[in-house]
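See below for the structure under consideration.
The values are calculated or read from the model by the stated rules, or taken from the named source; none is laboratory data. From a predicted model like this one, the values you see are computed outputs, not experimental measurements. Please note: Cβ atoms are built from the backbone with ideal geometry, for glycine as well, and neighbour counts cover all protein chains shown. To get the accessible areas, we keep the full protein, side chains included, count just its heavy atoms, and leave off ligands, DNA and RNA. Shrake-Rupley method; radii C 1.70, N 1.55, O 1.52, S 1.80 Å.
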Amino acid sequence: MPLRTHEISGGGSGIGRAVCQRFASEGALVVVADLNEEAANETLRSLSRDHKVQEHMAAVVDVSSKQSVERLVESIQRRYFQPASVCVNAAGITQDDFLLRLEEAAFDRVVGVNLKGTFLVVQAVAAAMVASGVSKGSIVTVGSIVGKVGNIGQVNYSASKAGVEGITRTAAKELSRYRIRCNCVLPGFISTPMTDKVPERVIHKMTSLVPLGRMGEPDEVADVCSFLASDDSRYITGASIEVTGGLFMG
Ligand code: NAP
């Protein structure tokens, strides 16, 4: 059976990098796509070193640009003669401020990467899957628990992540006829460069609210992405799965 190609946007860091490493360990061909070229190459080197597979590739993508996302999809097709049959879009940014102070540009930037970026990636990847008749495609989006519950200082981010769930459920309904599933993971508080920016006192306060009593690790989110990518989740589509250690449950 030919190897399956997995595309991970935001694969240069944090959760996206852990997803790349997980998929490579399962034997998939991994496309590490990121805005940050050096970071993508670093992830790529970690795959080659750890899993001795030379066939993965790194690519630069700006998920907020339709042209850039289309170039990525074309380059995957050229390299592997098939589109990705699994896609995880983990690219995301924060630009926090209180509602009463947040600049319009910061709202637009975060929505542009997190929400529009999800739309562009899901649309382009799904179109390539449909055009080449990929069956059992699986698309995983990355939302956030704050898209459900809101968060002080994150009006732009929480709005963008609520929208990611809306895109996911709609894509799941529209793509089911092509046997493509689309699901969303909702991380809580995960140790990555994104949360490294959060002040220590806020980390402490948030961690005290987590029933499992600690922050999550990127590979704990990658485990769920792996499940959603696999046939083990074949009857699951349009779902949002919380990976939060129980934070804000219920
Ligand atoms: P991270 O370590 O900052 O990784 C995000 C990656 O996305 C970075 O390599 C970043 O590159 C890249 N990126 C940013 N803008 C991009 C663009 N326009 N196109 C392509 N790539 C872009 O963050 P993370 O914590 O792993 O987050 C991964 C996803 O999980 C994000 O969607 C985030 O919102 C979500 N999430 C994270 C947490 C958490 O606690 N960490 C919680 C809930 C949800 P640069 O470094 O150059 O910006």
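Couple of notes before you dig in:
- Meets criteria (out of contact with any strand residue (DSSP E or B) (no Cβ under 9 Å at 6 or more places or on another chain) and at pLDDT below 95) for Met249: no
- Of all the numbered requirements in (1) surrounded by 13 or more Cβ atoms within 10 Å (Cβ to Cβ); (2) out of contact with any Ser or Thr (no Cβ under 7 Å at 6 or more places or on another chain); (3) under 15 Å from Pro187 (Cα atoms); (4) modelled with pLDDT of 95 or more, Pro211 misses one, and that requirement is (1).
- The residue that is farthest from Ala39 (Cα to Cα), counting only those in segment 73-92 that are touching a residue at least 60 places away in the same chain (Cβ under 8 Å) and part of a loop (DSSP other than H, G, I, E, B), is Gln82.
- Among the residues of segment 214-245, just one is at positive phi and either loosely packed, with under 13 Cβ neighbours inside 10 Å or touching a Cys at 6+ places or on another chain (Cβ under 8 Å) (or both), namely Gly238.
- Within the span defined as segment 129-137, one or more residues are surrounded by fewer than 14 Cβ atoms within 10 Å (Cβ to Cβ) and on the phi > 0 side of the Ramachandran plot.
- Search result, residues across segment 184-208 that are open to solvent by 60 Å² or more (accessible area, probe 1.4 Å) and away from the ligand (no atom under 11 Å from the Cβ): Pro199, Glu200, Arg201, His204, Lys205, Ser208
- Scanning segment 83-106 for residues that are within 19 Å of Ile139 (Cα to Cα) and in contact with a strand residue (DSSP E or B) (Cβ under 6 Å, 6 or more places away or on another chain) gives Ala84, Ser85, Val86, Cys87, Val88, Asn89, Ala90, Ala91.
- Residue under evaluation Glu70, criteria (1) more than 24 Å from Cys184 (Cα to Cα); (2) part of a helix (DSSP H, G or I); (3) among the charged types (D, E, K, R), criterion not met: (1)
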